[in-house]
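Taking it in order: structure first as structure tokens, then the write-up.
The values are calculated or read from the model by the stated rules, or taken from the named source; none is laboratory data. All values derive from a computational prediction rather than experimental measurement. Reconstructed Cβ throughout: ideal geometry from the backbone, glycine too, with neighbour counts over all protein chains shown.
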2 protein chains.
Amino acid sequence: MARRTTTAVGDTRRALLDAAAAEFAARGYAGANVDRIARAARVNKAMIYYHFRSKAALYREIIRDMFDAVAARVREVAGSGASPENKVRGFIAAIAIEGEARPHFPRIWLREIAEGAEHIDAGTLRDARDVLGALGSIIEEGCRAGRFHPANPLVIHATIVAPLMFFFATGKFRQKLDRHGARGAARISRDEVVTHLERVTLAVLEGRIA
Amino acid sequence: MARRTTTAVGDTRRALLDAAAAEFAARGYAGANVDRIARAARVNKAMIYYHFRSKAALYREIIRDMFDAVAARVREVAGSGASPENKVRGFIAAIAIEGEARPHFPRIWLREIAEGAEHIDAGTLRDARDVLGALGSIIEEGCRAGRFHPANPLVIHATIVAPLMFFFATGKFRQKLDRHGARGAARISRDEVVTHLERVTLAVLEGRIA
DNA sequence: GTCTATAAATAGATAGAC
DNA sequence: GTCTATCTATTTATAGAC
């Protein structure tokens, strides 16, 4: 019997991580409240300090998990045997899938940008660098194969990642706008955005823009 | 003599607004500290409650100023006699100019998105709706003139505004990345981003993408 | 691993003199 | 309009029992 009567091992930890991600996304690092996190996780507050060391350490762990997942998926795409075109599609999908799988990631990501990556540790910074590097190598590979024109990876990165994070993070905002006269602001699908980004990015890289 | 010996009328108010914008950008609404704002403005803390009513009211005023400025500029572009193509260029320029003129705007904008526009009053919401509406009418005008293909204004908006705000807000982050192995992350100009967005957006709207 | 109780610091806000 | 002093509530964090 590997389980307790009511609670599985690690449940408290998981519940805290989930509740904390929601709280950090909604209120930011400084605005987040450990009491509220504990209450939402239906766990005693002291457990935060037992399982993690501090509010800051809890936050860093959440950040690290998110960026690790994105970086891993992107590295996998870049290292695969796919064509440069499909690697670009895979890159866009990687960001979209991870941004969607972790409902609080996009909002936390926006806040970290605003904060100048202040709460980010060396490993997470390496993740960010790797994502950018992977995109750069995909572009280079396409250029060597004579299928892509040279382009600044930072510009391509910004025009893919920013709209995607923006889209995922604006769910609430768009519903509010919809109710206030911007008819249809809420009616837009994830696929519409992804397809648009694929079309545009590939057109740019393949020099299909007059 | 309309001035006092040392301090012009309204100086305290202005100093507080500037210091507060910096504080809110760096730490978010909940994380911002009124003591720190007063200290940075070299003004007594009680002045915040005299000139504004509360921390919340001070924040709302900053938000309103920023979005009013953007909306005004965008409305001007949409209502001008320019061609649809130049109106699109004007729209992109409007966002870029205001995002650049108010150094704290992009980071505060990112945070507001993350917060689901919680601190936003009705006037500011109207601004947001008008910006989206103006872009929609520019696209419609281009379609009626047979120069644009139909496109979802929300998608076009996201692919313009998100990368621009992202670019302006990531100044610090990109310098950090640059020092950590992402060679050239800091070496990218505002004009490079704006030119890229103009080219891509017009190519999409004019159906010049295969 | 989990709980109660509480310490210690910091926050937003105001009263009242000048 | 500006300043000092202070009130009150909230917050992170820990000690210690179970």
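For the residues A:Arg64, A:Arg14, A:Arg42, the requirement of being touching a Ser or Thr at 6+ places or on another chain (Cβ under 9 Å) and either within 16 Å of DNA strand D (Cβ to nearest atom) or at pLDDT 95 or above (or both) singles out A:Arg64.
The condition of being over 19 Å from B:Ala162 (Cβ atoms), surrounded by fewer than 20 Cβ atoms within 10 Å (Cβ to Cβ) and aliphatic (A, V, I, L, M) holds for only one of B:Ala40, B:Ala93, B:Ala21, B:Ala78, that being B:Ala40. The combined condition, being on the phi > 0 side of the Ramachandran plot and under 15 Å from the mean Cα position of the chain (by Cα), is not fulfilled by B:Ala96. Criterion applied to A:Ala182, A:Ala134 was being among the small types (Gly, Ala, Ser) and either at the interface with another protein chain (Cβ under 8 Å from one of its Cβ atoms) or within 25 Å of A:Glu23 (Cβ to Cβ) (or both), and the one residue passing it is A:Ala182.
For the range A:18-37, a residue qualifies if it is away from chain B (no Cβ under 13 Å) and near DNA strand D (Cβ under 9 Å from one of its atoms), and the qualifying residues are A:Val34, A:Asp35, A:Ile37.
Summed over the range B:185-206, the residues that are more than 23 Å from B:Arg89 (Cα to Cα) and facing chain A (nearest Cβ under 7 Å) give a count of 1. Among the conditions (1) at the interface with chain B (Cβ under 7 Å from one of its Cβ atoms); (2) out of contact with any Asp or Glu (no Cβ under 7 Å at 6 or more places or on another chain), the only one that A:Arg174 does not satisfy is (1).
Residue check: B:Ala71 meets all listed conditions (1) closer than 29 Å to A:Asn33 by Cα; (2) more than 14 Å from DNA strand D (Cβ to nearest atom) but one, namely (1).
The residues of the range B:154-168 that are more than 7 Å from chain A (Cβ to nearest Cβ) and over 16 Å from B:Arg199 (Cα atoms), listed by number, are B:Met165, B:Phe168.
Of A:Arg36, A:Arg89, all but one fail to be of a type outside the set (A, V, I, L, M, F, W, C) and under 21 Å from the mean Cα position of the chain (by Cα); the exception is A:Arg89. Against the definition (modelled with pLDDT of 95 or more and within 14 Å of chain B (Cβ to nearest Cβ)), how does A:Ile92 come out, yes or no? Yes, satisfied.
Remark: pairs (first residue in the range A:32-61, assigned to a loop (DSSP other than H, G, I, E, B); second residue near DNA strand C (Cβ under 10 Å from one of its atoms) and not aliphatic (A, V, I, L, M); Cβ separation under 7 Å; 6+ apart in sequence or on different chains) = A:Val43/A:Thr12; A:Lys45/A:Asp35. Among the residues of the range A:193-210, those identified as of a type outside the set (Gly, Ala, Ser) and buried (at least 16 other Cβ atoms within 10 Å of the Cβ) are A:Val193, A:Val194, A:His196, A:Leu197, A:Glu198, A:Val200, A:Thr201, A:Leu202, A:Val204, A:Leu205, A:Glu206, A:Ile209.
Residue check: is B:Val34 away from DNA strand C (no atom under 12 Å from the Cβ) and buried (at least 16 other Cβ atoms within 10 Å of the Cβ)? Full working, then the answer.
On the way: away from DNA strand C (no atom under 12 Å from the Cβ): no; buried (at least 16 other Cβ atoms within 10 Å of the Cβ): yes.
Against the criterion (away from DNA strand C (no atom under 12 Å from the Cβ) and buried (at least 16 other Cβ atoms within 10 Å of the Cβ)), B:Val34 does not qualify.
Let's see how each residue does on (1) surrounded by fewer than 20 Cβ atoms within 10 Å (Cβ to Cβ); (2) at pLDDT 95 or above; (3) under 19 Å from A:Glu115 (Cβ atoms); (4) of a type in the set (Gly, Ala, Ser):
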| position | (1), (2), (3), (4) |
| --- | --- |
| B:Pro103 | yes, no, yes, no |
| B:Asp121 | yes, no, no, no |
| B:Ile138 | no, yes, no, no |
| B:Val155 | yes, yes, no, no |
| B:Gly184 | yes, no, no, yes |
| B:Ile188 | yes, no, no, no |
| B:Asp191 | yes, yes, no, no |
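Is it the case that some residue within the range A:73-81 is on the phi < 0 side of the Ramachandran plot, away from DNA strand C (no atom under 12 Å from the Cβ), in a loop (DSSP other than H, G, I, E, B) and more than 14 Å from every other protein chain (Cβ to nearest Cβ)?
Narrowing the range A:73-81 to residues on the phi < 0 side of the Ramachandran plot: A:73-81.
Among the residues that remain, those that are also away from DNA strand C (no atom under 12 Å from the Cβ) are: A:73-81.
Among the residues that remain, those that are also in a loop (DSSP other than H, G, I, E, B) are: A:80-81.
This time we only want the ones that are more than 14 Å from every other protein chain (Cβ to nearest Cβ), so: A:80-81.
Yes, the range A:73-81 contains a residue that is on the phi < 0 side of the Ramachandran plot, away from DNA strand C (no atom under 12 Å from the Cβ), in a loop (DSSP other than H, G, I, E, B) and more than 14 Å from every other protein chain (Cβ to nearest Cβ).
Would you mind stating whether A:Ile108 is over 30 Å from A:Lys55 (Cβ atoms), aliphatic (A, V, I, L, M) and in contact with a helix residue (DSSP H, G or I) (Cβ under 6 Å, 6 or more places away or on another chain)?
Details: over 30 Å from A:Lys55 (Cβ atoms): no; aliphatic (A, V, I, L, M): yes; in contact with a helix residue (DSSP H, G or I) (Cβ under 6 Å, 6 or more places away or on another chain): yes.
Judged against the criteria, A:Ile108 is not a match.
When B:Ala56 is tested against the conditions (1) more than 14 Å from every other protein chain (Cβ to nearest Cβ); (2) within 15 Å of DNA strand D (Cβ to nearest atom), the lone failure is (1). Each residue in the range A:137-153 was checked for being closer than 24 Å to B:Ile160 by Cα, free of Cβ contacts under 8 Å to residues at least 24 places away in the same chain and more than 12 Å from every other protein chain (Cβ to nearest Cβ), and 1 pass.
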